Amino acid sequence: MTRQERTEGLALPGVLTAAEAAATTAGILSLQREDGAIPWFRGHHLDPWDHVEAAMALDSAGEHERAAAAYGWLARHQNPDGSWYAAYADGDAARPTDAGKETNFCAYVAVGVLHHYLATGDDGFRQRMWPVVFAAVEFVLGLQQEGGQIGWRREADGTPVPEALLTGCSSVYQALRCALALAELAGDPQPDWELAAGRLGHAIRHHPERFLDKSAYSMDWYYPVLGGALRGRAARERLAARWDEFVVPGRGVRCVLPRPWVTGGESAELALALWTVGLAPRAVEVLRWIGHLRADNGLYWTGYVTADDAFWPVELTSWTAGSVLLAVAALTGHGPTQAVFGGDTLPKGLETDCCA
């Protein structure tokens, strides 16, 4: 089967043809190292979260062998405490460029492993990666605070940072639910994780004061929806409330206020968040807008400064392309992508009022 045949299911009118999806997939593959690592672009660093997002995009496009190689890189380079460093020099595990350890980066492996298992049915892969996921989750929950929120980082010297980020914690919430699904598949129940997920979800939904104020960033606006902590009417109301602040019609989504800078990754993630709450037509519209970020090689420019009519930074990133493919995959009915982002079948954890 050709690459274009594998991406037939990713054709979305006005957004991508199958040939364009195949070109975007090839673009990501061109950035992946032989050892499986996927840096932002060649010569730049790798971070574990964006590495997983790119691997998930490869699975959505049918490139299961290369996605498995990306997870193999994570398994080989996991630290003894279950973590990964925040950044590596072009995928070189011997040269971390940031030796801190960020909780949402470490947790996200659970989302990717479940996604790959659902895409392939590879039970051997799931069994091999379960200890990796287990250790990563245990590291992350070691930074959970009394209020349910999770400190965003452990410094290179081991010092825990207790302050929590809403975007990061929303991503961790999704990861914990995927980890609980993997625990069920492994026949290894984790009641402490269920309680931890419930406490975290409660904090995200009801206690914004437990998180650092990053309200100028669009990710803090839509990530509680994207990560699954908010659904239904509450989610739609949240997205509507700040739509006019962050959305530049015809161009995309601002990364941070008040800068005139729209970014492909945030735009694609917003589209995915819109899909999760039943707003698919609007999601497709947002994806159509960012067609202006697409380069001839199928990759996407990270962002565009509207005031200067210029791409900035001048880089074509694996994770921007990955976010576009994942949003398209959800909208075109790719079951594994819909499962990990829609969350209808994922465990929800045990919410209690102990932290209310």
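The values are calculated or read from the model by the stated rules, or taken from the named source; none is laboratory data. Just so it is clear, the model here is predicted, and its values are computed rather than measured. Because the Cβ atoms are built from the backbone with ideal geometry, glycine has one as well, and the counts that use them run over all protein chains shown. Heads up: the accessible areas ignore ligands, DNA and RNA and are worked out on the full protein's heavy atoms, side chains in. Shrake-Rupley method; radii C 1.70, N 1.55, O 1.52, S 1.80 Å.
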Run down PRO162, PRO96 and say which single residue is without any contact (Cβ under 8 Å) to a residue 24 or more places away in the chain, more than 20 Å from ASP192 (Cβ to Cβ), over 19 Å from the mean Cα position of the chain (by Cα) and assigned to a strand (DSSP E or B). PRO96
Name the single residue that is farthest from the chain's Cα centre (by Cα) among those in the range 256-285 being among the charged types (D, E, K, R) and buried (at least 23 other Cβ atoms within 10 Å of the Cβ). GLU266
Within the range 69-83, tally of residues that are surrounded by fewer than 19 Cβ atoms within 10 Å (Cβ to Cβ) and outside any helix (DSSP H, G or I): 3
For the range 303-328, which residues satisfy the criterion of being in a loop (DSSP other than H, G, I, E, B) and open to solvent by less than 10 Å² (accessible area, probe 1.4 Å)? THR317
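Go through the range 231-255 and give me each residue that's assigned to a helix (DSSP H, G or I) and crowded, with 20+ Cβ neighbours inside 10 Å.
Kept after step one, since they are assigned to a helix (DSSP H, G or I), are these residues of the range 231-255: 232-241, 243-246.
Answer for the range 231-255, where residues must be assigned to a helix (DSSP H, G or I) and crowded, with 20+ Cβ neighbours inside 10 Å: ALA235, LEU239, PHE246.
From the residues in the range 211-230 that are surrounded by 17 or more Cβ atoms within 10 Å (Cβ to Cβ) and assigned to a loop (DSSP other than H, G, I, E, B), which one is farthest from the chain's Cα centre (by Cα)? Write out each step before concluding.
Initial filter on the range 211-230 (surrounded by 17 or more Cβ atoms within 10 Å (Cβ to Cβ)): 211, 217-230.
With assigned to a loop (DSSP other than H, G, I, E, B) added as a condition, the list becomes 211, 227-230.
Details: PHE211: 20, GLY227: 9, GLY228: 12, ALA229: 14, LEU230: 16 Å.
Among those residues, the one meeting the criterion is PHE211.
How many of the residues making up the range 136-157 are open to solvent by 30 Å² or more (accessible area, probe 1.4 Å) and among the small types (Gly, Ala, Ser)?
First, the residues of the range 136-157 that are open to solvent by 30 Å² or more (accessible area, probe 1.4 Å): 138, 141-142, 144-146, 152, 154-157.
Among the residues that remain, those that are also among the small types (Gly, Ala, Ser) are: 142, 156.
Residues in the range 136-157 being open to solvent by 30 Å² or more (accessible area, probe 1.4 Å) and among the small types (Gly, Ala, Ser): 2 in total.
Which ones in the range 330-346 are touching a Phe, Trp or Tyr at 6+ places or on another chain (Cβ under 9 Å) and open to solvent by less than 30 Å² (accessible area, probe 1.4 Å)? Explain how you work it out, then say what you get.
Restricting attention to the range 330-346, the residues satisfying the condition of being touching a Phe, Trp or Tyr at 6+ places or on another chain (Cβ under 9 Å) are 330-331, 336, 338, 341-342.
Within the range 330-346, ALA330, PRO336, PHE341, GLY342 meet the criteria.
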Consider TYR223 against the criteria (1) closer than 27 Å to VAL324 by Cβ; (2) touching a strand residue (DSSP E or B) at 6+ places or on another chain (Cβ under 7 Å): it satisfies all of them except one. Which criterion is unmet? (2)
Over the range 334-356, the set of residues under 20 Å from ALA54 (Cα atoms) and over 18 Å from the mean Cα position of the chain (by Cα) is none
